[in-house]
Amino acid sequence: MKSAVEQLSTYKSVHLNPSNIKTHFFGVPLIIWSAFVGFNLIPINVSFFDDPVITVNIATVFAIVVLVYYFMLHAKLAIGLTLFIIPVLYTSSVVAQYDGAGYIAIVTFIVGWIIQFIGHKYEKAKPAFVDDLNQLLIGPFFLMAEVYFKLGLEKDLLAEITPIARDKRRAIEAAKKVK
């Protein structure tokens with residue numbers, strides 16, 4: 001498993017433009033929330049012996065799995081992500097109860113991605129997930145790191161990932177010139 005520094009520096013290498021980062025603070029939460037609305041629409045019924053059926057949904061299972069991954073990467077950032085995901089789980093489950101929840105999820109998902117791609121126009125770099133699908137999970141992790149950095153927290157992490165990200169970006173730019 002790649003370390004938090006590796007993951008964040010790779011993501012940051014195509015997220016150095018402040019305008020792009022700002023768009024991500026809108027687009028990523030919209031995408032996450034809409035995905036969770038969709039996941040809430042998929043129930044899983046589990047029955048243990050003679051006990052009544054326990055119903056959970058994909059949203060809860062996915063949130064737990066991803067949060068475990070985030071805690072393995074960086075516990076302090078994962079705490080912030082846990083605080084973010086709790087209201088996402090709650091509000092998405094409420095919306096999932098309404099007729100038309102699937103349409104709401106689809107429209108919100110599309111709007112979120114449009115905002116993301118506008119940000120990458122500012123950046124003049126392709127999204128990180130194009131080369132590594134795991135970077136889709138790192139987007140929220142990166143944004144939480146950016147929140148921590150703005151609050152003056154995790155300065156050592158910022159100092160470690162920034163030069164690596166800049167070096168990676170230089171390599172990307174150099175590869176473009178060769179083509």
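None of the figures in this text is laboratory data; all of them are computed from the coordinates on show. Small disclaimer: the values here were computed from a predicted structure and weren't measured. With ideal geometry, Cβ positions are generated from the backbone for all residues, glycine too; neighbour counts draw on all protein chains shown.
Give the calculated FRET efficiency between Leu133 and Val111 to the nearest 0.05, with a Förster radius of 25 Å applied to their Cβ-Cβ distance. That gives a FRET efficiency of 0.70.
Working from label points 7 Å from Cα in the Cα-to-Cβ sense, the Ala171 to Met1 distance is 2.3 nm. Springs between Cα atoms under 10 Å define the GNM used for the chain, and in it the highest mean-square fluctuation of Leu41, Leu83, Leu30 occurs at Leu83. Note the listed values [x] 1.14; [y] 0.91; [z] 1.91, then indicate which one is Cα Rg over 2.2 N^0.38 Å calculated from this particular structure. Only one option fits the structure, namely [x]. Modelled spin-label separation between Asp156 and Lys126, with each label point placed 7 Å from Cα along the Cα-to-Cβ direction: 3.6 nm. Ranking Ala4, Gly102, Asn57 by Cα position along the charge dipole of the chain, where only Lys, Arg, Asp and Glu carry charges on their C-beta atoms, puts Ala4 farthest toward the positive end.
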